[in-house]
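Down below is the structure, laid out as structure tokens.
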Amino acid sequence: MAPLSRWSAALCTLASSIGFVQADPSAGDYYVHDLPGAPKGDLVKMHAGHIEITPEHNGNLFFWHFQNKHIANKQRTIIWLNGGPGCSSEDGAMMEIGPYRLKDADTLQYNNGSWHEFANLLFVDNPVGTGFSYVDTNSYVHELDEMASQFITFLEKWYKLFPEYEHDDIYIAGESYAGQHIPYIARAILDRNKKPETTSPWNLKGVMIGNGWIAPNEQYEAYITFAYEKGIVQKGSELANKLEAQLRVCRNELALTNSNKVGNRACEQILSDMLRLTQKKGKNGENQCVNMYDVRLTDSYPSCGMNWPPDLQYVTPYLRKSEVVTALHINPSKNTGWTECNGAVGNAFSAQKSEPAVNLLPGLLKEIQVLLFSGSEDLICNHMGTEAFIGNLEWNGGKGFEVSPGNTAPRRPWAFEGDAAGFWQEARNLTYVLFNNSSHMVPFDYPRRTRDMLDRFTGVDISSIGGPPAKSELDGEKLPDTTVGGVSNHTETDQAAKDEELKAAKWAAYQKSGEVVLAIVAIGAAIWGFIIWRARRRTTGYSGIPLMGNQSNGSGSGLEGFRNRRTNRDIEAGDFDENQLDDLHVTSPRDMDRNHYSIGGDSDDDDDDSVAEKGESTTAKGGKGSGK
């Protein structure tokens with residue numbers, strides 16, 4: 001009996017151990033059935049959760065995938081990454097290009113300009129330890145090639161779960177320090193495709209980098225150049241001399257390190273000194289400094305933009321809600337709440353052995369399309385630095401934007417819905433787009449314009465779908481049609497609806513006032529008779545409108561007056577007057593009040609579920625050296 005007992009015990013042990021073995025998750029396990037606070041109606045189809053990439057270190061990357069709304073001429077997937085290093089891509093999902101924006105900490109509304117119109121969106125908290133991703137605290141990523149290798153592991157596992165997307169055209173997009181991540185990941189994908197053992201190559205078509213930290217040498221130099229241009233620092237002043245002295249220290253250190261490092265503290269000190277030495281006293285006695293993500297705004301020192309963007313006051317509590325955590329399938333192993341930027345990840349990511357991503361661009365441009373875009377009001381990764389390194393870059397048989405010896409590709413003025421949106425410049429697989437009046441986080445300011453840029457870069461063709469297109473022109477020449485009429489992010493449709501509401505309100509007011517006038521005339525005719533008849537002959541054409549003119553039409557002053565003038569208007573419908581900025585006084589963003597950042601937001605009485613373009617809002621995460 002003893003041997004039988006031993007066998008029985010062994011079988012029981014085996015059976016119990018099998019009971020604790022968990023099956024690999026399937027795609028269905030990641031399906032998001034309900035997103036708290038989402039508008040009533042059809043929920044965007046989405047999946048979210050963790051994928052383990054380094055089991056030996058408990059390393060898991062979090063993803064959030066949104067299915068496209070329409071299929072145009074082909075299937076596309078946009079992989080989006082935010083910067084830092086160590087800042088969550090939920091910034092991009094909730095404040096920039098995703099289907100929803102937060103109206104408050106509990107309520108989502110449709111993003112009028114989401115990039116999921118014709119593309120699937122895949123947001124990844126990268127590298128491990130960022131946002132909802134997690135890893136053992138002694139196993140953070142240190143170098144760019146290590147990060148790219150882990151990302152390839154993530155994609156291989158993700159495509160096994162979702163094979164229906166593996167043959168999509170792939171574009172990798174992001175901003176700020178993602179300007180280092182994206183070229184390294186793109187290079188790793190192209191190298192993987194060339195390996196003999198690769199049975200299913202991925203269709204990487206291009207990359208898109210907004211206000212990216214790509215080429216440290218030129219971008220460090222541009223801190224002072226941009227400050228002179230914007231009047232933050234006066235050339236020849238004592239402050240300018242101090243900053244120029246620090247720039248010389250920076251140049252010396254770059255020379256000693258062969259100018260081949262991703263970051264340099266002596267060079268980053270230029271920006272730190274600029275923000276510190278240009279601070280001023282605010283009305284409330286607080287020290288105010290320039291917002292390094294949008295120089296039109298100020299912030300309390302030493303934040304200098306770290307309190308920005310204002311939507312962050314809603315994003316953090318929303319993503320920490322237990323019901324949201326459950327809906328997004330956050331693993332219990334992720335035992336800390338979501339944070340926008342993880343300083344420990346950023347500090348560990350020293351990249352001391354990594355060369356700057358700018359060195360990878362010439363090779364990438366031989367194989368794929370590259371688009372760089374910049375908001376004109378960003379300081380930390382400003383457009384002057386981007387334009388400088390493009391001018392110095394050699395690729396595909398030429399230098400900079402030259403199209404032939406002595407001839408440079410023109411900067412083609414871009415108009416969107418009648419407004420001067422910026423310019424495009426293109427040569428030899430590289431496209432550069434400058435956005436007027438925009439911050440470090442361009443999609444936060446102009447979701448529809450960036451969607452238009454995306455559609456053109458990815459070659460969207462809506463001829464099979466139909467509908468009135470957006471009005472987008474280069475050099476006055478109409479561009480190919482994009483955007484489907486009737487959808488929530490169609491500018492002309494939105495504006496038409498607003499115009500109809502305004503016309504209806506005006507007509508109702510006119511009718512009412514007309515009735516009043518007729519009553520007065522009738523009573524007057526009965527009492528005064530002949531006198532009124534003679535008075536009316538002297539004022540032929542009078543229709544009673546002056547009676548309405550006595551109503552108050554004061555616009556107030558400051559922000560309140562600006563708001564009154566902005567009611568029912570759309571910044572991309574061509575009716576924005578930059579002179580109205582003179583009436584706006586922006587105070588410290590410490591209170592995280594949306595009013596401190598937005599000039600031209602929706603009316604408080606607007607019940608539309610769709611969030612409109614936020615004219616002059618500010619946003620940007622991931623500036624090198626800022627921790628965002």
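Has region 289-300 got at least one residue that is more than 22 Å from the chain's Cα centre (by Cα), part of a loop (DSSP other than H, G, I, E, B) and in contact (Cβ under 8 Å) with a residue 12 or more places away in the chain? Scanning region 289-300, I find no residue that is more than 22 Å from the chain's Cα centre (by Cα), part of a loop (DSSP other than H, G, I, E, B) and in contact (Cβ under 8 Å) with a residue 12 or more places away in the chain, so the answer is no. Within region 317-334, the set of residues being at pLDDT below 95 and closer than 30 Å to Tyr184 by Cα comprises Asn331, Ser333, Lys334.
What residue, of Gly84, Gly28, is modelled with pLDDT under 95, within 18 Å of Phe151 (Cβ to Cβ) and not in a strand (DSSP E or B)? Matching residue, one of Gly84, Gly28: Gly84.
The lone criterion from (1) outside any helix (DSSP H, G or I); (2) farther than 13 Å from Gly179 by Cβ left unmet by Asp378 is number (2). Scanning region 371-403 for residues that are buried (at least 19 other Cβ atoms within 10 Å of the Cβ) and of a type in the set (Val, Ile, Thr) yields Ile380, Thr386, Ile390.
Residues are listed down the side, and each one gets a yes or a no for (1) of a type outside the set (S, T, N, Q); (2) not in a loop (DSSP other than H, G, I, E, B):
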| site | (1), (2) |
| --- | --- |
| Arg192 | yes, yes |
| Val207 | yes, yes |
| Gly212 | yes, no |
| Gln234 | no, no |
| Leu243 | yes, yes |
| Leu247 | yes, yes |
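Consider region 39-70. How many of its residues are within 22 Å of the chain's Cα centre (by Cα), in contact (Cβ under 8 Å) with a residue 60 or more places away in the chain and not in a strand (DSSP E or B)? Of the residues in region 39-70, 4 are within 22 Å of the chain's Cα centre (by Cα), in contact (Cβ under 8 Å) with a residue 60 or more places away in the chain and not in a strand (DSSP E or B). Taken together, Phe423, Phe416 contain a single residue that is touching a strand residue (DSSP E or B) at 6+ places or on another chain (Cβ under 8 Å) and modelled with pLDDT under 95, which is Phe416. For region 404-432, the candidate set comprises residues that are in a strand (DSSP E or B) and in contact with a Gly (Cβ under 6 Å, 6 or more places away or on another chain); within that set, the residue that is surrounded by the fewest Cβ atoms within 10 Å (Cβ to Cβ) is Asp419. Residues in region 255-269 that are assigned to a helix (DSSP H, G or I) and over 21 Å from Asn347 (Cα atoms): Ala255, Leu256. When we screen Val295, Val345, Val315 for residues that are crowded, with 18+ Cβ neighbours inside 10 Å and out of contact with any helix residue (DSSP H, G or I) (no Cβ under 7 Å at 6 or more places or on another chain), the only hit is Val345. Within region 344-375, the residues that satisfy the criterion of being polar (S, T, N, Q) and not in a strand (DSSP E or B) are Asn347, Ser350, Gln352, Ser354, Asn359.
The values are calculated or read from the model by the stated rules, or taken from the named source; none is laboratory data. Just so we're clear, the structure is a prediction, and the values are computed from it rather than from any experiment. All Cβ positions, glycine included, derive from the backbone under ideal geometry; neighbour counts span all protein chains shown.
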